[in-house]
1. Using the Kirkwood formula on the Cα atoms of the stretch 187-245, what hydrodynamic radius do you get, in angstrom to one decimal?
2. Which value in nm describes the separation of the simple spin-label points at Leu337 and Asp116, placed 7 Å from the Cα toward the beta carbon?
3. As I understand it, the value is the acute angle between the Cα axis of helix 12-24 and the longest principal axis of the Cα atoms of the chain; what does it come to in degrees, rounded to 10?
4. With charges set only on the Cβ (+1 for Lys and Arg, -1 for Asp and Glu), what does the dipole of the chain come to about its Cα centre, in debye to the nearest 20?
5. Provide the descending list of Cα extents for the chain along its principal axes, expressed in whole angstroms.
6. Taking +1 at the Cβ of each Lys and Arg and -1 at the Cβ of each Asp and Glu, which of Tyr328, Pro229, Val244 sits farthest along the dipole of the chain towards its positive end, judged by Cα position relative to the Cα centre?
7. Can you give me the relative contact order of the stretch 165-246 as a percent, contacts being Cα pairs under 8 Å and 6 or more apart?
8. Using only DSSP helix segments of four residues or longer, with each worth -39500 (n - 2.57), what per-residue ellipticity at 222 nm results for the chain after dividing by its residue count and rounding to 500?
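The values are calculated or read from the model by the stated rules, or taken from the named source; none is laboratory data. In this text the structure is predicted, and so the values were computed from the model without any measurement. Reconstructed Cβ throughout: ideal geometry from the backbone, glycine too, with neighbour counts over all protein chains shown. What goes into the accessible areas is simple: the full protein's heavy atoms, side chains included, and nothing from ligands, DNA or RNA. Shrake-Rupley method; radii C 1.70, N 1.55, O 1.52, S 1.80 Å.
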Amino acid sequence: MSTPFDVAVGGGAAGAACAAHLAQGGKSVVVLEQGPFPRSKPCGGGMAASVQRWFPFDLSPAVDQVIRRVRFTWNLEDPVTAELPGEAPFWIVERSRLDAFLMQQATTSGAELRCDWPVHGMARRGERWQLHGPAGSVCSRAVVIADGSNSSLGRPLGLGAARPRYASTVAVELNAPVDDPHTARFDFGLVHHGFCWAFPRQGGYSIGVGTFIGREAGDAEAVLQRLLPDLGQPGDAGRRQHSVLRIWDGHHRLHGDGVVVVGDAASLCDPFLAEGIRPALLSGSLAAQSLGAWLGGDSQALATYSARMRRDWGESMAWGKRIAQVFYRVPRIGYQLGIKRPTAPQRIAQILSGEMGYGDIAQRVIRRLLLQQG
Ligand SMILES: Cc1cc2nc3c(=O)[nH]c(=O)nc-3n(C[C@H](O)[C@H](O)[C@H](O)COP(=O)(O)OP(=O)(O)OC[C@H]3O[C@@H](n4cnc5c(N)ncnc54)[C@H](O)[C@@H]3O)c2cc1C
């Protein structure tokens, strides 16, 4: 029998981040990706620049555009603009480039990438995991489940959400002249129970519609027919890409015996603003740290991963979920009382740039209410 890898990892942003850390830490790593790599991935690519702190290498080669302000509207009117804090607070990345860049960091440090290798199942055999699919089988001491929002591997092991909650999305990549390359736009009035966005990138926009209650982005086409002309484009411009996105819906165990689940497969995506790249990179980075310790003999290290994700991400998302539940049920009121509050855009900007969590916002609101009562 061939020597097992230390770790078998899935592809995608979360998996590639984890693989890069593990390979740079001297672990033998195999990345199993069901398709070709790099591959295109419907994604707005908006990402807090603060993710840089989790990586020992410079991420700027993967950055397409730097965002300096955020503009919110209601039905394309009633605008509110917020300047983002810091030097270069929010980046737009092209996903195939970011994922390929992270993967390159992994492979140049010795990780082996196997494309067209869909994992169909995995089983624990003694001290090893056996992963299998049509391309054969692979043996490893540990596994990182990183198969995204349609994940099928975590649930049979009791990892992540038993009944995941989904947002539905429609994405459009548009090649067009961009009038303000440093402003990201969000509109909360056009979409029922969600929002649409237009993020500038080199040579065009990443546009999308996200619905957070119910699995169908039912009115997405009508939304695009209004949003695209507002950007000076015909309503039917660009190709529509439909997908679902697992969103955070509660704290869950993210580790088992020699196995962890990361990224969308772990339902980490922000239920208010659909931010999924930052938790994907955070979980990939923390999982690598814990796996390094576990492979070195610390039997409790993987439990530390679940605990850290709960503390560093889940606690904020629990508040984000509550805020989303209220906001998306009465979005007009939410926009007037929330987004249009003088300090609110700045707070959302701080959330997007990773400077603040939803819990900080909730505590401020509670303090304000208590002061009003007192
Ligand atoms: C339209 C849209 C817009 C978005 N915009 C933003 C945004 O602007 N900012 C932001 O932060 N987040 C955004 N997100 C969310 C973000 O894209 C995800 O949260 C992020 O991609 C999660 O990364 P991941 O590595 O967990 O999963 P993925 O990137 O989906 O990677 C999973 C990988 O696993 C592979 N795979 C799946 N099954 C198997 C299998 N059985 N065997 C082997 N390989 C498999 C897939 O091919 C894929 O490469 C958006 C999402 C959508 C849908």
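1. Here the Kirkwood hydrodynamic radius works out to 11.9 Å.
2. Distance between the two pseudo-spin positions: 5.7 nm.
3. Helix 12-24 sits at roughly 50 degrees to that axis.
4. 1000 debye
5. For the chain, the Cα spread along each principal axis is 66, 54, 38 Å.
6. Tyr328
7. Details: 165 pairs, mean separation 32.2, N = 82.
Relative contact order of the stretch 165-246: 39 percent.
8. Result for the chain: -9000 deg cm²/dmol, rounded to the nearest 500.
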